Amino acid sequence: MSTGPGGSDERSEFERRTQAVLDESTARLDGSVRSRLNQARHAAMAAHAERSRSPLARFFGARRLFAPAGAVAAVAVLALVLWTGRPAVQAPLGAMNADGTAAIEDLELLADNDALELASEADVEFYEWALAESDNESGAGPVGS
Amino acid sequence: MPAAVRGPGELAASDSKSRALDQFLATVERKAFKVARFALRHEDDALDAVQDAMLSLVTAYAERPCEEWKPLFYRILDNKVRDMQRRRTVRGRVMSWLPVGGGGQSDDDHEDWDPIAQAASADPAPPRRLEIDEAIGALEQAIGALPARQQQAFLMRNFEGLDVAETATAMGCSEGSVKTHYFRALQTLRAQLGDFWT
């Protein structure tokens with residue numbers, strides 16, 4: 001302070017001494033008070049740091065709260081897409097319906113272990129024979145006619 | 001800050017401001033605590049008032065020029081202190097209606113009593129320290145007995161080092177009132193403390 005009580009540039013000895021004594025008493029504040037003041041300052045600065053973050057950073061900071069829920073939703077959507085969009089099981093030509101999809105009975109056959117073994121062996125000769133038989137039947141007309 | 005994304009220059013300025021703010025609070029916190037304790041006569045309440053004032057300053061006035069922080073901070077602190085005094089008055093009125101617990105030592109007082117802290121030190125304090133202790137005790141008692149506005153003017157001017165205009169901002173009054181309160185405070189303190197201080 002450079003001015004006296006009336007705005008003059010002088011300070012009395014009394015003012016100087018009282019200030020020195022008050023400064024001394026401040027320097028002697030006990031550790032617990034100093035520690036709590038320090039904590040209060042850090043809390044205030046943390047609040048300031050939070051406020052001074054850019055709006056974009058605050059937005060993404062808030063989005064982090066929703067990350068787990070978003071992950072669950074994403075997994076659910078992915079599972080749905082994979083389930084509904086999986087390629088249709090290619091059945092032998094004769095087992096296809098008119099719209100190109102496999103009949104329910106065919107799905108049951110495919111789910112059967114024996115049928116899977118047969119399919120994996122890829123008996124080409126059998127398929128050729130079955131195709132020829134099918135052509136013969138369509139060319140000869142209904143059986144017994 | 002209205003812009004959504006900040007450039008490096010703005011971030012550096014923000015960091016610099018944060019450092020300045022932290023430094024300001026570190027500089028002012030102890031004296032602010034003393035000022036609040038003189039007014040409230042209670043350590044925990046004084047700490048709460050200082051913490052609230054710090055939070056209010058950084059959340060509402062951090063963007064103001066650094067030179068304005070000190071008077072603003074003390075203005076906020078003064079408001080917090082007055083709020084606490086008002087609450088204390090209301091609480092006192094409510095408690096006076098209750099039939100028990102008004103006087104005597106509470107259980108908390110017994111728990112706070114620490115025999116080790118109360119025991120006399122084996123090391124006698126040196127005479128100089130004793131002299132300073134006495135001076136601090138006498139001055140603090142005299143300041144504590146001052147009327148609130150005089151006490152405030154004296155502490156702002158002579159302890160915190162604010163000039164008349166800053167003190168007027170901190171106290172929410174005119175510069176003329178500051179000068180009057182300060183002059184009367186000095187008169188009273190001189191009369192109470194005597195020749196030792198002059």
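Picking from residues in segment A:17-27 that are surrounded by 11 or more Cβ atoms within 10 Å (Cβ to Cβ) and either touching a residue at least 40 places away in the same chain (Cβ under 8 Å) or more than 7 Å from chain B (Cβ to nearest Cβ) (or both), the one that is farthest from B:Leu186 (Cα to Cα) is A:Asp23.
What residue, among those in segment B:147-170 that are assigned to a helix (DSSP H, G or I) and over 21 Å from B:Arg82 (Cα atoms), is farthest from the other protein chains (Cβ to nearest Cβ)? Please lay out each step first, then the result.
Going residue by residue through segment B:147-170, those that are assigned to a helix (DSSP H, G or I) are B:148-159, B:164-170.
Remaining after also requiring over 21 Å from B:Arg82 (Cα atoms): B:158, B:164-165.
Details: B:Asn158: 5, B:Val164: 6, B:Ala165: 10 Å.
So the residue we want is B:Ala165.
Out of curiosity, is B:Arg87 modelled with pLDDT of 95 or more, assigned to a helix (DSSP H, G or I), open to solvent by 70 Å² or more (accessible area, probe 1.4 Å) and of a type outside the set (Ser, Thr, Tyr)? Step through it out loud before you land on a result.
Details: modelled with pLDDT of 95 or more: no; assigned to a helix (DSSP H, G or I): yes; open to solvent by 70 Å² or more (accessible area, probe 1.4 Å): yes; of a type outside the set (Ser, Thr, Tyr): yes.
The answer is no for B:Arg87.
Here B:Phe38 meets each of (1) touching a residue at least 40 places away in the same chain (Cβ under 8 Å); (2) closer than 20 Å to A:Ser52 by Cα; (3) part of a helix (DSSP H, G or I) with one exception, condition (2).
Note on segment B:12-33: residues that are surrounded by fewer than 22 Cβ atoms within 10 Å (Cβ to Cβ), at the interface with another protein chain (Cβ under 7 Å from one of its Cβ atoms) and in contact with a Phe, Trp or Tyr (Cβ under 9 Å, 6 or more places away or on another chain) total 1. Within segment B:147-192, the set of residues being among the basic types (Lys, Arg) and farther than 23 Å from A:Ala27 by Cβ comprises B:Arg149, B:Lys179, B:Arg184, B:Arg190. Checked against (1) within 8 Å of chain A (Cβ to nearest Cβ); (2) open to solvent by 10 Å² or more (accessible area, probe 1.4 Å); (3) assigned to a loop (DSSP other than H, G, I, E, B), B:Cys173 passes all but a single condition, namely (1). Of all residues in segment A:28-75, those being open to solvent by less than 80 Å² (accessible area, probe 1.4 Å), modelled with pLDDT of 85 or more and assigned to a helix (DSSP H, G or I) number 15. Annotation: of all residues in segment B:37-49 being open to solvent by less than 60 Å² (accessible area, probe 1.4 Å) and more than 15 Å from B:Phe159 (Cβ to Cβ), the one that is nearest to the other protein chains (Cβ to nearest Cβ) is B:Leu47. For A:Met1, only one of the following conditions fails: (1) open to solvent by 40 Å² or more (accessible area, probe 1.4 Å); (2) at pLDDT 90 or above. What is its number? Result: A:Met1 fails condition (2) only. Determine if segment B:62-80 includes at least one residue that is open to solvent by less than 30 Å² (accessible area, probe 1.4 Å), facing chain A (nearest Cβ under 10 Å) and free of Cβ contacts under 8 Å to residues at least 24 places away in the same chain. No, segment B:62-80 has no match at all.
When segment B:155-198 is filtered for residues that are within 14 Å of A:Ser12 (Cβ to Cβ) and polar (S, T, N, Q), the ones remaining, listed by number, are B:Asn158, B:Gln187, B:Thr198. So which residues in segment B:176-198 are within 21 Å of B:Phe73 (Cβ to Cβ) and either open to solvent by 10 Å² or more (accessible area, probe 1.4 Å) or β-branched (Val, Ile, Thr) (or both), if there are any at all? Correct list: B:Ser177, B:Val178, B:His181. Flag: B:Val164 matches the condition of being modelled with pLDDT of 95 or more and open to solvent by 10 Å² or more (accessible area, probe 1.4 Å).
Just wondering, is there one or more residues in segment B:118-127 that are at pLDDT 90 or above and open to solvent by 50 Å² or more (accessible area, probe 1.4 Å)?
Pass one, segment B:118-127, residues at pLDDT 90 or above: none.
No: segment B:118-127 contains no residue that is at pLDDT 90 or above and open to solvent by 50 Å² or more (accessible area, probe 1.4 Å).
The values are calculated or read from the model by the stated rules, or taken from the named source; none is laboratory data. What you see is a predicted model; the values in this text were computed from it and never measured. Cβ coordinates were reconstructed from backbone atoms using ideal geometry, including for glycine residues, and neighbour counts include every protein chain displayed. Please note that ligands, DNA and RNA were not included when accessible areas were found on the heavy atoms of the full protein model with its side chains. Shrake-Rupley method; radii C 1.70, N 1.55, O 1.52, S 1.80 Å.
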